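Written out below as structure tokens is the structure these notes cover.
Readers should treat all values here as calculations from the given coordinates under stated rules, not as data from a laboratory. Bear in mind that the values here come from a model prediction, so they are computed numbers and not experimental data. Don't worry about glycine lacking a Cβ; one is built from the backbone with ideal geometry, like all the others, and counts go over all protein chains shown.
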Amino acid sequence: NIPGIDTLEAFNSDGLRSLIFTIPAKNIKEKTLRYPGHIEKMSFLRDIGFFSKEEVEVSGRKVRPVDLTARLLFPKWQLQEGDRDVTVMMVSVKGIKNGKPLHYRWDLFDTYDAATKVHSMARTTGYTATTALRMITEGLYTKKGLSYPEYIGQYPECVDYMISGLKKHGVIYKASKE
């Protein structure tokens, strides 16, 4: 239940990618939030084959159902003039340090910025990317080679830079420690 939005559905998703290899955690999971009914609709489409990558013949042509589904749905999911979006994220890290339980949490609730006409998803992803780029060009983050985003967390000064850089654009993470 998200204040200002209401109740959402949560389901396991696969956006953790590199974290499962770079963070030595016994339990790690990601959930995606959507409005009520989303899971049922997507499950229905999956169950009847709309996400299949196996070609089927339609009027003498070979078609992958997933390609047809993408062609039909993606235009419907484009933001239209006047549409507003929100981004909700919560990161919760629990563990034990020096024999004592520890819990860190970061919450983000971001909305479309009417003054700049920038959508929340663009704000939370684009400003993060440009802040990371500034951090590198200013010489604060100097790790060479392949560098996963979570590596930034190994450097408190980089975390502070990222959080304050996002805050300048109104993307504010509320941190708490229990």
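Structure notes:
- For V91 and E57, a Förster radius of 35 Å and the Cβ-Cβ distance give a FRET efficiency of 0.15, rounded to the nearest 0.05.
- Count Lys and Arg as plus one, Asp and Glu as minus one, and take only other residues whose Cβ is under 13 Å from that of I163; the net charge is then 0.
- Dipole magnitude of the range 1-123, debye to nearest 20 (Cβ charges: Lys/Arg +1, Asp/Glu -1, about Cα centre): 560
- Amide proton proximity set for F11, modelled H, under 5 Å, gap of 5+: T32
- Counting only residues at least eight positions apart within a chain, or on another chain, the lysines with an alpha carbon under 22 Å from that of K41 are K31, K53, K76.
- Think of the range 1-56 as having a plus end and a minus end, set by charges on the Cβ of Lys, Arg, Asp and Glu; of L45, L19, N1, L19 sits farthest toward the positive end of this dipole.
- Under 17 Å from the L146 label point (7 Å along Cα→beta-carbon), backbone N, the range 1-35: 16-24
- Computed about the Cα centre, the dipole magnitude for the range 1-62 is approximately 220 debye when only Lys and Arg (+1) and Asp and Glu (-1) carry charge, each at its Cβ.
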